[in-house]
Amino acid sequence: MKRLFEFLFPICFHEYEIENKQEVFPYNPFEGMSPTVLAVIEKSILQKYKNPIGTQYTLKCKKCGKMKTYYEEVKYSK
Ligand SMILES: [Zn+2]
């Protein structure tokens, strides 16, 4: 019955599962600077760029293999 349905209606009701998950970091203007320079910059400022701003998920449909990406923003409570 299910097969017939899929034959008559060749649409995939996507069932996504997480294929890959990657943390997204903000652009760090201090990256690549020498440790000497970094030493004089306040730790709290540098720390700001070390926290991920979001997570990017790559999702893949279990049935047809269609892929899509999903971005989730991190919300920090202050
Ligand atoms: Zn699908």
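With K and R counted +1 and D and E -1, the other residues having a Cβ less than 12 Å from that of Y16 yield a net charge of +2. Using bins of 10 Å that start at zero, the share of Cα-Cα pairs per bin across the range 3-78 amounts to 16, 28, 21, 16, 10, 5, 3, in whole %.
Dividing the summed helix terms, -39500 (n - 2.57) for each DSSP H run of n ≥ 4, by the number of residues in the chain produces a 222 nm estimate of -5500 deg cm²/dmol to the nearest 500.
The count of lysine pairs in the chain with alpha-carbon distances below 23 Å, taking only pairs 8 or more places apart or on different chains, stands at 19. Out of residues 5 or more away from E19 or on other chains, whose amide H comes under 5 Å of its own, with H placed 1.01 Å from N in the peptide plane? It is T58, L59, K60, by chain and number. For the peptides 59-66, 27-34, the ranking by mean Cβ contacts within 10 Å, running from highest to lowest, is 59-66, 27-34.
Values quoted throughout were computed directly from the atomic coordinates according to the rules given, and no laboratory measurement underlies them. Note that the structure is predicted; figures quoted are calculated from it, not measured. Note: ideal-geometry Cβ built from the backbone for every residue, glycine included; neighbour counts use all protein chains shown.
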